[in-house]
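The values are calculated or read from the model by the stated rules, or taken from the named source; none is laboratory data. Remember, predicted model here, so these are calculated numbers, not experimental data. Note that each Cβ is placed from the backbone with ideal geometry, even for glycine, and that neighbours are counted across all protein chains shown. All accessible areas refer to the heavy atoms of the entire protein, side chains included, with ligands and DNA or RNA removed. Shrake-Rupley method; radii C 1.70, N 1.55, O 1.52, S 1.80 Å.
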Amino acid sequence: MDLNDKQKEALECVDGPLLILAGAGSGKTRVLTEKVCYLLENNLANPDEILAITFTNKASREMRDRIQRKIGHDVYNIWISTFHSFGLKILKRHYDLLGYDKNFTIMDSDDSLSVVKKIVKDMGLDIKYYNPRVIKNKISSAKNEMIDEIGYGKYAHMDFEKIVQEIYIKYQKILKSNNCIDFDDLLILPIKLFDKNPDVLKLYQEKFKYVFIDEYQDTNTVQYILSKMISAKYKNICVVGDIDQSIYSFRNADYRNIMNFEKDYKTCKTILLEQNYRSTKNILNCANNVIKNNVLRKDKNLWSLNDDGDMVKYYRASDEKAEADFVVDEIKRLVSDGMPYQEIAVLYRTNAQSRTIEESLMKSVIPYKIVGSVYFYNRKEIKDLICYLKLIYNEKDDNSLKRIINVPKRKIGLKTIEAIEEKAMQQEISMFDAISSSKELNFKKLILEFKEASLKLTLTELVDLVLEKSGLKSEYDPNLIEDEIRLENLEEFKSITKRFEEEEDGTLESFIENITLVSDMNEHKESSDQVTLMTVHSAKGLEFDAIFIIGLEEGIFPHINSLMNPEELEEERRLCYVAITRARKKLYLINARSRMLFGKESANPQSRFISEIGEDYLDNLSKPKIIMNAKNINKQENDISLGDHVYHEKYKSGIVIADERGILTVAFAKPYGIIKVMKNHKSIRKVELNG
């Protein structure tokens, strides 16, 4: 085998607990697969004595396929699955011991939410204050911390939490009476089964002589307990993971599980996999320099036999549009040098940052896809907001009216909408004009109020008014991850209106026309060769030849919510480490001096992660070779004259078109062909152009 020494050591360590701390790109999945094959090929275990846990169904399939290709038999007797699939197998065998019928069903997230909604409604609670989605997530979090409906009372000190407990109790009763379990129960119930039936636990402890768990840093409390129970007899438990890639605390993952493994298993052997097969040495140096600043980690240092590779490129743009333009220009250069689009990815901390990159890629006709999200203008909350603006501008727009008349919910049902449509057709008028009574009349008055306000307010002020008074904003709960993303997107829409006010005439009419054209451009035909856009969270487990990490500014990456919390800041640093180590050959780190994000312009300092990497490892593309301030024009050595190329932080490159008595007149070509002329501005600098 062409395994390295540390991989071979991990392969041959068969008996007792084993912790494999595997750095990014170090071949951990391969080692795990080879260990299973090693046991079978050397007759150290039968296939049905092996339990291998992965975190995704895709990873389970890949492991099974690899083992099948290598040993060619008995693969289907090995228990290779996710934690939830493993729990389901156990429950299907012992459902009766937990009081369920054989034909029990599993409720998905939507079903669970529907049950909670019904309970809230039946209790006569205000749905705005007792948000069913918030309550459902609280129940889920409690289950993942092994807190049942009775035990929840210990934490229910406030009135709100006491109501949550009451709903939790009713929720569990409904599940049981309907012979149903939810997704979280797939992990909880096997533990309850083992606690109440020691003989059943003993059966599985005897059965699984070898237990393997991948991505151990991502386990939560329930998964930790379950794996410990199953492996308690033989203690032949091998876990693979990397504390430096623990980035899922919002999913209840607890990095302390891998940190404490050696305490849990005193005879544990620990092996470090530090040789990286993915990235160049320069990229790894950047990753190591960042992550070594974390305190809560196991010390390791990635190294590689790969080439040094190109220096990591660092660019500080003037604003988010210049940032996007730089990314697009570099993508064009990479592709002209022979790199396929599919080997290029742009990573960002929050989904809302994708918008400016999307627009620049569209204008340059560069194919792209977004992983883990939809295109900005196709997102539900953005479409809803645009339909409000369209209806304000043109109340005869029946399509927009039908979409938003009950968004957010106003108890205007489908039958009512159909009746309005029928009336409009009979009288040959618009649906808006056909509205004359009931709740839909309140909606009509709201749109008319917005229409009147649009004559006095700026675009951005109008959007603010619509978000507040329509209820679009209050519909989402900022404490929920998916709702927080939707709120960020709505706030980011104000960045579009602000820019439009600066660069165009700022009217609602022009904006509607512009936004329609841009969103039409966004109807993509999928192809295999596309640039990939995604958040850093979505990028884990992937790799590309070239990676662009944008928005590396304090308050964005690291995220503003983490700046006052040392543990959360360390997770942000792990996120940065994950982002860097996705790159095989080329890495670009990019930020902006000023940025319009969520409708607000801010000037954030560069991310601390840039400083932690250090200047020695970065090729700083932002530094001009010669910088001369216009205010020093009278000094002979800093003379700037007619025809010189100059630089301005906001408007970028320009040219001197007049030089009368030391007073400069400079023309800057802004986007869309608009010319900005400035005289003797102190921010103008002369630069030597490269090429």
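Structure notes:
- Of the residues making up the range 537-551, at least one is basic (Lys, Arg), within 30 Å of residue 383 (Cα to Cα) and either at pLDDT below 95 or open to solvent by 20 Å² or more (accessible area, probe 1.4 Å) (or both).
- Screening residue 189 with (1) at pLDDT below 90; (2) over 30 Å from the mean Cα position of the chain (by Cα) gives one miss only, at (1).
- Enumeration of residues in the range 566-600 that are out of contact with any Ser or Thr (no Cβ under 6 Å at 6 or more places or on another chain), farther than 30 Å from residue 343 by Cβ and either open to solvent by 60 Å² or more (accessible area, probe 1.4 Å) or among the β-branched types (Val, Ile, Thr) (or both): 566, 567, 600
- Residue in the range 462-477 that is small (Gly, Ala, Ser), open to solvent by 70 Å² or more (accessible area, probe 1.4 Å) and closer than 18 Å to residue 380 by Cα present: yes
- For first residues located in the range 124-137 and more than 19 Å from residue 184 (Cβ to Cβ) and in contact (Cβ under 8 Å) with a residue 24 or more places away in the chain, partners that are among the basic types (Lys, Arg) and open to solvent by less than 50 Å² (accessible area, probe 1.4 Å) and lie 6+ apart or on another chain with Cβ distances below 6 Å do not occur.
- When 162, 192, 143, 202 are screened for being out of contact with any Ser or Thr (no Cβ under 7 Å at 6 or more places or on another chain), assigned to a helix (DSSP H, G or I) and over 26 Å from residue 60 (Cα atoms), only 162 passes.
- Within the set 411, 473, 444, the sole residue that is within 38 Å of the chain's Cα centre (by Cα) and under 17 Å from residue 400 (Cα atoms) turns out to be 444.
- Residue check: residue 223 meets all listed conditions (1) open to solvent by less than 30 Å² (accessible area, probe 1.4 Å); (2) free of Cβ contacts under 8 Å to residues at least 60 places away in the same chain but one, namely (2).
- Filter result for residue 124 (surrounded by fewer than 19 Cβ atoms within 10 Å (Cβ to Cβ), of a type in the set (Gly, Ala, Ser) and more than 30 Å from residue 471 (Cβ to Cβ)): no
- Residue in the range 73-80 that is open to solvent by less than 70 Å² (accessible area, probe 1.4 Å) and either over 26 Å from residue 51 (Cα atoms) or in contact (Cβ under 8 Å) with a residue 60 or more places away in the chain (or both) present: yes
- If you go through the range 2-32 and keep only what is open to solvent by 10 Å² or more (accessible area, probe 1.4 Å), closer than 25 Å to residue 541 by Cα and assigned to a helix (DSSP H, G or I), you end up with 5, 6, 8, 9, 11, 28, 29, 30.
- Within the range 146-159, the set of residues being acidic (Asp, Glu) and either at pLDDT 95 or above or assigned to a loop (DSSP other than H, G, I, E, B) (or both) comprises 148, 149.
- The range 165-183, subset farther than 10 Å from residue 149 by Cβ, part of a helix (DSSP H, G or I) and aliphatic (A, V, I, L, M), residue nearest to the chain's Cα centre (by Cα): 175
- The helices (runs of 4 or more DSSP H) found entirely in the range 256-321 that carry 3 or more residues being open to solvent by 10 Å² or more (accessible area, probe 1.4 Å) and of a type outside the set (A, V, I, L, M, F, W, C) are 261-264, 281-291.
- Here 391, 361 are screened, and the one residue that is in a helix (DSSP H, G or I), under 23 Å from residue 463 (Cα atoms) and out of contact with any Gly (no Cβ under 7 Å at 6 or more places or on another chain) is 391.
- Test: residue in the range 232-239 that is open to solvent by less than 50 Å² (accessible area, probe 1.4 Å), assigned to a strand (DSSP E or B) and of a type in the set (Val, Ile, Thr): yes
- Residues of the range 95-121 classified as open to solvent by 30 Å² or more (accessible area, probe 1.4 Å) and part of a helix (DSSP H, G or I), total: 10
- Those residues of the range 601-621 which are of a type in the set (Asp, Glu) and surrounded by 13 or more Cβ atoms within 10 Å (Cβ to Cβ), in sequence order: 601, 612, 619
- Where residue 406 falls short, out of the listed (1) modelled with pLDDT under 90; (2) over 23 Å from residue 506 (Cα atoms); (3) open to solvent by 20 Å² or more (accessible area, probe 1.4 Å); (4) in contact with a helix residue (DSSP H, G or I) (Cβ under 8 Å, 6 or more places away or on another chain): (1)
- Among (1) open to solvent by 10 Å² or more (accessible area, probe 1.4 Å); (2) of a type outside the set (Val, Ile, Thr); (3) assigned to a helix (DSSP H, G or I); (4) at pLDDT 85 or above, the one test that residue 484 misses: (4)
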